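Quick notes on the structure that follows.
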Amino acid sequence: MEKIQSVKGTRDFYPEEMAVRNWLFDGWQAASLRNGFVEYDSPIFEYLQLYTAKSGDEIAGQLFSLTDRGGRELAIRPETTPSLARMVNQRINSLPRPVKWFSISRLCRAERPQKGRLREFFQWNTDIISDSAYEYADADCIYTAVDYLRSVGLIKDDIIVKISSRAMLAELLKSQGFVDEQLGTVYSLLDKQPKIPPDKFTAMAEEQIPDADLRERLMRLQSVGSIGELIEFAPESVQKSIYPLETLFHILGKMGISDYCGFDINIVRGLAYYTGMVFEIFDRRSQLRAVCGGGRYDNLLAGLGGPSVPAVGFGMGDVVLEILLREKNLLDSAKNHLDFFIVYDDYKIFEDKGLSLVNSLREKGFSTAFDYRRTSAMARQLKMASSQAARFAVILGQETIDSDEITLKNMADGSQKRIAIKDFLKETDKYEFQRRPL
RNA sequence: GUGGGAGUAGCUCAGCUGGUUAGAGCACCAGGUUGUGGUCCUGGGGGUCGCGGGUUCGAAUCCCGUCUCUCACCCCA
């Protein structure tokens with residue numbers, strides 16, 4: 001029998017990797033909740049049409065689809081937003097606004113895997129559906145993403161939120177003489193520019209925009225590096241569409257995260273459904289893909305047969321994020337730990353006093369383990385405690401057990417003390433690493 | 001879909017101008033240690049050298065095919 005390996009672009013989560021994944025998810029969930037989002041989930045497969053309706057038939061080649069026994073064309077979800085739109089549409093008249101929902105979902109895309117990009121991955125999605133396109137919602141959305149990244153130790157020197165606006169960009173380009181049919185071409189040029197060398201970009205621009213004068217205007221646009229410069233640069237007709245962006249930056253400043261944010265005209269994002277503000281978050285130094293991307297899509301619900309309702313949201317994948325956090329050595333706390341390891345030199349004493357202690361600690365929610373072999377040397381047992389990353393060893397020895405005392409050893413610094421079992425159990429109520437209260 | 005790189009122990013890799021029984025470090029198991037872990041020392045288990053074919057007295061090593069992984073391009077929700 002041939003050995004069967006895991007499928008291309010998928011990952012096995014051994015306990016070590018699972019600890020990292022759970023730690024990421026915990027952080028995502030905590031950030032969502034403290035920013036006022038509530039959690040939802042959708043099925044792992046949907047009708048294929050849910051994805052082709054908005055993105056066209058080409059999308060079908062990039063996702064895993066199947067036909068069920070009833071002849072239904074289905075697809076494993078490659079993203080969450082269409083499902084969200086479907087769910088919200090179904091209850092649009094009974095949901096209190098704003099709808100602030102988040103989800104952590106497992107997604108699959110039939111792509112060629114490469115660095116930061118797999119065929120199965122997880123994505124944290126948050127979406128806000130409000131009554132009108134308030135800049136407060138845009139800001140709250142960006143703030144939530146930054147809030148999470150900040151909470152895991154990424155500082156303003158590590159990451160940058162690059163912000164722009166589709167609506168503003170369209171107005172700006174038109175004011176420079178571009179016509180509607182050219183916008184798509186220019187979007188893709190702007191998107192590519194930071195990723196390719198200047199001479200290659202020039203060649204590409206010459207090919208796609210034959211008019212030298214237009215090309216010159218596009219080059220000048222790209223020198224606009226801040227919202228202030230943009231206001232100065234843009235003609236009167238565009239000012240009105242800059243105003244929401246200007247307001248957004250003002251709000252982000254008041255929320256205390258302007259150090260993380262900057263205007264960037266090269267941010268357009270690929271997906272067609274964005275209508276207003278768009279943003280992406282990058283590591284300032286590395287060549288990694290965007291850690292997070294999102295924006296405003298005011299007609300997404302309408303595209304699926306619902307009402308026209310303004311919405312803003314973002315997605316953050318686990319793959320690039322993990323690479324980034326690993327580069328910055330910020331995954332130290334994402335490890336499996338044991339709270340207590342009980343060590344004994346005589347199994348009779350362990351059975352007499354130790355097993356009930358195990359029960360007491362576990363009842364309190366502490367992870368607790370011990371050696372099954374009965375006759376192991378204490379050195380061995382402490383070795384086990386170390387390899388299981390126990391915070392404390394509880395030593396039950398003949399020297400102390402007659403007076404109902406144990407020796408509590410802090411495995412991190414080696415310090416230890418004698419303490420009565422009764423007092424030890426009382427003391428554990430104060431331990432802050434107690435993670436699963438009953 | 002296009003192009004580059006790589007497949008040898010669980011992991012990272014050495015060995016490759018063909019030549020004893022295929023190696024190291026890490027990890028794992030055990031001993032050194034009958035009240036104290038992480039270090040150190042000793043020993044052990046673990047490999048059809050991705051798979052198939054060819055050349056040869058002899059192939060991990062050379063040739064052909066094939067599969068897989070990986071990186072980049074395309075695309076990127």
Report summary line: Binned at 10 Å starting from 0, the alpha-carbon pair-distance distribution of the range A:118-196 in whole percents comes out as 13, 30, 37, 19, 2
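Show me A:396-402, A:334-340, A:63-69 ranked by packing, highest mean number of other Cβ atoms within 10 Å first.
Ranking, from highest mean packing down: A:334-340, A:396-402, A:63-69.
Run lengths n ≥ 4 of DSSP H only: what is the helix-derived mean residue ellipticity at 222 nm for chain A, with -39500 (n - 2.57) per run over all residues, to the nearest 500?
So the helix-based figure for chain A works out to -11500 deg cm²/dmol.
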Report task. Summarise the accessible area of chain A (1.4 Å probe, protein heavy atoms) by the percent that is carbon and sulfur. Result -> 49
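With the radius of gyration and the Kirkwood radius both derived from the Cα set of the range A:337-430, what is their ratio Rg to Rh?
Taking Rg over the Kirkwood Rh, I get 0.91.
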Report summary line: One would report the Cα pair-distance distribution of chain A, bin width 20 Å, in %, as 21, 44, 25, 10, 1
Report summary line: For chain A, percent of DSSP beta bridges that are antiparallel (nearest 5) comes out at 80
Query raised in the report: Averaged per residue, what accessible surface does chain A expose to a 1.4 Å probe, in Å²?
Result: 52
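Quote the charge dipole size of the range A:213-259 about the Cα centre in Debye, to the nearest 20; the model charges only the Cβ of Lys and Arg (+1) and of Asp and Glu (-1).
I would put it at about 120 debye.
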Requested in this report: Arrange the peptides A:98-104, A:357-363 so that the one whose residues have, on average, the most other Cβ atoms within 10 Å appears first.
Outcome: A:98-104, A:357-363
Query raised in the report: For the range A:19-332, with only Lys/Arg (+1) and Asp/Glu (-1) charged at the beta-carbon, what is the dipole magnitude about the Cα centre, in debye rounded to 20?
Result: 740
Query - the range A:226-372: Cα Rg divided by the 2.2 N^0.38 Å rule of thumb - result: 1.82
Query raised in the report: Using a cut-off of 15 Å between alpha-carbon atoms, which aspartates and glutamates can reach A:LYS200, once sequence neighbours fewer than 8 places away in the same chain are excluded?
Result: A:ASP191
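How large is the Rg to Rh ratio of the range A:59-214 when both quantities use alpha carbon positions and Rh follows Kirkwood?
1.02
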Requested in this report: Under 18 Å Cα to Cα from A:LYS240, which lysines show up? Leave out anything in the same chain fewer than 8 places away.
Outcome: A:LYS174
Query raised in the report: How much net charge surrounds A:CYS108 when only the other residues with a Cβ under 9 Å from the Cβ of A:CYS108 are counted, with Lys and Arg +1 and Asp and Glu -1?
Result: +3
Query raised in the report: How far is the Cα center of the range A:38-80 from the Cα center of the range A:132-198, in Å?
Result: 27
Query - Cross-link reach list, lysines versus A:LYS195, counting only Cα pairs under 19 Å and skipping chain neighbours closer than eight places - result: A:LYS115, A:LYS162
Report task. Please give the peptides A:422-433, A:365-376, A:155-166 ranked by average Cβ packing (other Cβ atoms within 10 Å per residue), highest first, as a rough proxy for protection. Result -> A:155-166, A:365-376, A:422-433
Report task. Take the alpha carbon atoms of the range A:109-126, find their center, do the same for the range A:219-254, and report the distance between the two centers in whole angstrom. Result -> 33
Requested in this report: Please name which of A:ALA205, A:TYR243, A:GLY270 has its Cα lying farthest along the dipole of the range A:189-296 towards the positive end, using unit charges on Cβ (Lys, Arg +1; Asp, Glu -1) and the Cα centre as origin.
Outcome: A:GLY270
Query raised in the report: From the phi of every residue in the range A:287-302, what ³J(HN,Hα) in whole Hz does the Karplus formula 6.51 cos²θ - 1.76 cosθ + 1.60 yield, where θ is phi - 60° and glycine or proline is x?
Result: 8, 5, 5, 4, 7, 8, x, x, x, 9, 9, 6, 10, 5, 5, 4
Report task. List the DSSP H helices in chain A whose Cα atoms stretch 20 Å or more along the helix axis and whose mean Kyte-Doolittle hydropathy is at least -1.0. Result -> A:15-34, A:135-151, A:236-254
Report task. With unit charges on the beta carbon (Lys/Arg positive, Asp/Glu negative), name the residue among A:LEU95, A:ASN359, A:PHE424 whose Cα is farthest towards the positive pole of the charge dipole of chain A. Result -> A:ASN359
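The values are calculated or read from the model by the stated rules, or taken from the named source; none is laboratory data. Here the structure is a predicted model, which means the values were calculated and not measured. Every residue, glycine as well, gets a Cβ built from its backbone with ideal geometry; the counts of neighbours run over all protein chains shown. Heads up: the accessible areas ignore ligands, DNA and RNA and are worked out on the full protein's heavy atoms, side chains in. Shrake-Rupley method; radii C 1.70, N 1.55, O 1.52, S 1.80 Å.
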